[in-house]
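Here is the structure we will look at, set down as structure tokens.
What follows draws every value from the coordinates through simple rules; no lab data is involved. Just so it is clear, the model here is predicted, and its values are computed rather than measured. When we count neighbours, we look across all protein chains shown, and the Cβ atoms used for this are built from the backbone with ideal geometry, even at glycine.
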Amino acid sequence: LRTAEMIKYASNAFLATKISFINEIAAICEKLGADVQEVAVGMGYDKRIGPHFLNAGLGYGGSCFPKDVKALEHMALVHGSHPSLLRAVMDINRDARRWAVFTLRELMNGRLDQRRIGIMGLAFKPNTDDIRESPALEIARMLQSEGALVSGYDPVAMTGAGRENPHLHLAEDPYELAENMDALVICTEWNEFKQLDLGRIKTSMAKPIIVDGRNIYEPEQMARLGFIYRGVGRGAETENGV
């Protein structure tokens with residue numbers, strides 16, 4: 001029984017480690033001018049690694065990975081082991097959320113107070129209404145703590161998100177969310193968001209800032225459209241075509 005328990009914990013912790021690893025690589029890519037998307041594809045060609053769980057972004061959430069990594073860390077500590085890797089996995093996962101807030105602050109001259117920010121996607125991953133350990137809701141709380149006026153939209157997770165964060169204004173659709181916003185943050189890679197009329201989105205925003213926490217858009221396309229765009233580990237900032 002103990003071995004079976006360890007298989008479950010170790011499997012989920014390993015997948016969480018892959019996510020944190022690619023996010024660490026993304027942070028290095030940003031400094032070096034490399035593109036983490038291309039790095040991940042290249043890594044995935046190696047059969048020893050494989051392409052799965054190498055999507056840089058805002059980190060893992062949900063009911064399994066956070067709980068199992070923490071449980072494994074706790075078991076290690078109780079029995080006198082030093083789970084340095086597991087701690088690093090959790091630290092990097094927290095940093096992935098903070099990246100979105102730091103990036104917004106940088107793009108807004110260091111001040112988030114009274115800035116209107118829209119969160120696109122509230123579930124922890126697409127095709128579910130599960131908001132447990134959702135990066136989007138954690139980012140919303142961090143932004144609100146700095147005085148930002150935060151709104152959100154999700155195709156299916158708005159009821160739960162509204163209960164979890166009563167101060168989060170909920171929009172009817174992505175276009176309503178974008179109206180008069182100073183910035184949008186992509187937090188969940190719903191297919192709906194990949195098919196938006198981005199020209200309409202840009203026109204309705206107060207400032208055309210998009211922080212893409214799931215790398216669903218291409219920097220070159222966003223530059224052509226005139227967005228101030230930041231993806232995760234995409235190598236360079238994109239501001240109005242520059």
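Worth a mention:
- For the pair the stretch 198-222 and the stretch 1-65, the centres of their Cα atoms are 26 angstrom apart.
- Lysine pairs with alpha-carbon atoms under 21 Å apart, the chain, spacing 8 or more or separate chains: 14
- The phi torsions of the stretch 134-149, fed into the Karplus equation with coefficients 6.51, -1.76 and 1.60 and a -60° offset, translate into couplings of 6, x, 4, 6, 5, 5, 4, 5, 5, 5, 4, 5, 9, x, 6, 9 Hz, rounded to whole numbers, with Gly and Pro shown as x.
- For residue 146, net neighbour charge (Lys/Arg +1, Asp/Glu -1) across residues whose Cβ lies under 15 Å away: +3
- Neighbourhood charge, 15 Å Cβ-Cβ cut-off, centred on residue 24 and excluding it, Lys, Arg +1 and Asp, Glu -1: +3
- Rounded to 5, percent antiparallel among DSSP beta bridges of the chain: 10
- Relative contact order computed over the chain (Cα-Cα under 8 Å; 6+ residues apart), in percent: 21
- The chain: most fluctuating residue of 55, 165, 215 per GNM, C-alpha cutoff 10 Å: 165
- What the phi angles of the stretch 20-32 give under the Karplus curve with 6.51, -1.76 and 1.60, with θ = phi - 60°, is a coupling list of 5, 4, 5, 6, 5, 5, 4, 4, 5, 4, 4, 6, 8 Hz, glycine and proline written as x.
- One equal scatterer on each Cα of the stretch 1-143, no solvent, Debye formula: the resulting log10 I(q)/I(0) at q = 0.15 Å⁻¹ is -0.87.
- The alpha-carbon atoms of the chain define a convex hull whose volume equals 140 cubic angstrom per residue.
- If you bin all the Cα-Cα distances of the stretch 105-240 at 5 Å, starting from zero, the percentages per bin are 2, 11, 22, 25, 21, 14, 4, 0.
- Taking 154, 46, 129 in turn, the Gaussian network model of the chain (Cα-Cα springs below 10 Å) assigns the largest fluctuation to 46.
- Those trypsin sites (Lys or Arg not before Pro) in the stretch 1-96 that DSSP places in a loop and that have at most 10 other beta carbons within 10 Å: 47, 48
- Charge dipole magnitude, Cβ of K and R +1, D and E -1 - the stretch 1-137, Cα centre, debye nearest 20: 220
- For the stretch 83-115 versus the stretch 136-181, the spacing of their alpha-carbon centroids is 18 Å.
- Remark: 151, 81, 204 ranked as 81, 204, 151, counting other beta-carbon atoms within 10 Å and listing the fewest first.
- Backbone geometry of the stretch 191-196 corresponds, through the Karplus equation with coefficients 6.51, -1.76 and 1.60 at θ = phi - 60°, to 3J(HN,Hα) couplings of 4, 3, 6, 6, 10, 6 Hz, x marking Gly and Pro.
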